[in-house]
């Protein structure tokens, strides 16, 4: 039996093991045989793994100081390249894994960022716009009820129709106690996970002339959170809620969502409600534009009373939803008589972490050939395939903040 000198082979395996351990760590995986290297934290773990490579190189070079030109040495050198080839194969596999994931991620994000067709009603005078915003009231099993703010119906990239409102309304601002929120009004993922079983009734409605909700066909019933609670960013202050099955006659026109950035000074519109001295309410469309500032800050073209506007949709010039109103703004200081000149909000693109898994599971909605080629909207009212609705601009209701 031939007794080979294995010094160079051991050095090669040390180098290969260090390379594999480092490469797996870069993609969030762990080399189980070397788990103890990560017990001291990620930074120390990387140093120790790199130390394996340095040790292997040192042994290799030290063994090569006195080369022996014999058939035995040639065989040893050939065997020493085996772990190097193994490490190289693993590296190629990891690079391919990263590249494939990056391509899939980019493709998914590209689909999400694709602009929906423009809303045909957006070119009309705002007084002819359809109903875009609804009132809401909710009851919970172990929390006080909520009757505050605004909500809108939005069409997801998957084609589903869901409701969008402000997350902070699940706290003291919405009269909900104990709060679903934590800290300074941030979404609490653990509490969001209980929302599906906590909701006993959540309705969106357009009020009738007496300030009451309309018939069942004019009321949207919500049944729970849209998406996985763990995917929600605690600071996004937005909620997507699932509609009860079988609802197609919507009291408001669903809005398509734009997930691309909103530029500074871009012209926008806010859809909310105005209440006169007699308690009569009408839909109010307010022109605005984005200004520099922390987060999503906007200035109104004319001062307005924004009481109860939490969750009100913010639209671009094409009638696409780009965000919602969530609070006041320092830029509005100095306004008098309860009127505001500015507001802060949150962008719809903050919902991308929630939407990505849904798109991956359910796929994107399919555009008709006309929409795909000419980027125009065939359905002007309601959801695709649902009943259309004529615009309604006046009504009476009771509001609360």
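Just the residues that are under 9 Å from residue 11 (Cα atoms) and either touching a residue at least 60 places away in the same chain (Cβ under 8 Å) or surrounded by fewer than 17 Cβ atoms within 10 Å (Cβ to Cβ) (or both), please, taken from segment 45-58. Hits for segment 45-58 are 55, 57, 58. Is it the case that residue 282 is over 23 Å from the mean Cα position of the chain (by Cα) and in the same structural domain as residue 200 (by TED's automatic domain parsing)? When the stated conditions are applied, residue 282 passes them. The listed residues are 200, 165, and the only one of them that is touching a residue at least 12 places away in the same chain (Cβ under 8 Å), closer than 23 Å to residue 307 by Cβ and in contact with a strand residue (DSSP E or B) (Cβ under 7 Å, 6 or more places away or on another chain) turns out to be 165.
Applying a threshold of 6 Å to beta carbon distances and a minimum spacing of six or more residues, or different chains, the list of pairs starting in segment 124-150 at a residue that is at positive phi and ending at one that is outside any strand (DSSP E or B) reads 149/169; 149/310; 149/311. The residue that is surrounded by the fewest Cβ atoms within 10 Å (Cβ to Cβ), counting only those in segment 232-252 that are touching a residue at least 24 places away in the same chain (Cβ under 8 Å) and out of contact with any strand residue (DSSP E or B) (no Cβ under 7 Å at 6 or more places or on another chain), is 248. For segment 270-279, a tally of residues being surrounded by fewer than 19 Cβ atoms within 10 Å (Cβ to Cβ) and either in contact with a strand residue (DSSP E or B) (Cβ under 9 Å, 6 or more places away or on another chain) or not assigned by TED's automatic domain parsing to the domain that holds residue 304 (or both) returns 5.
The values are calculated or read from the model by the stated rules, or taken from the named source; none is laboratory data. Note that the structure is a prediction, hence the values are computed from the model and not measured. Here the Cβ is made from the backbone with ideal geometry for all residues, glycine too, and neighbour counts use every protein chain on show.
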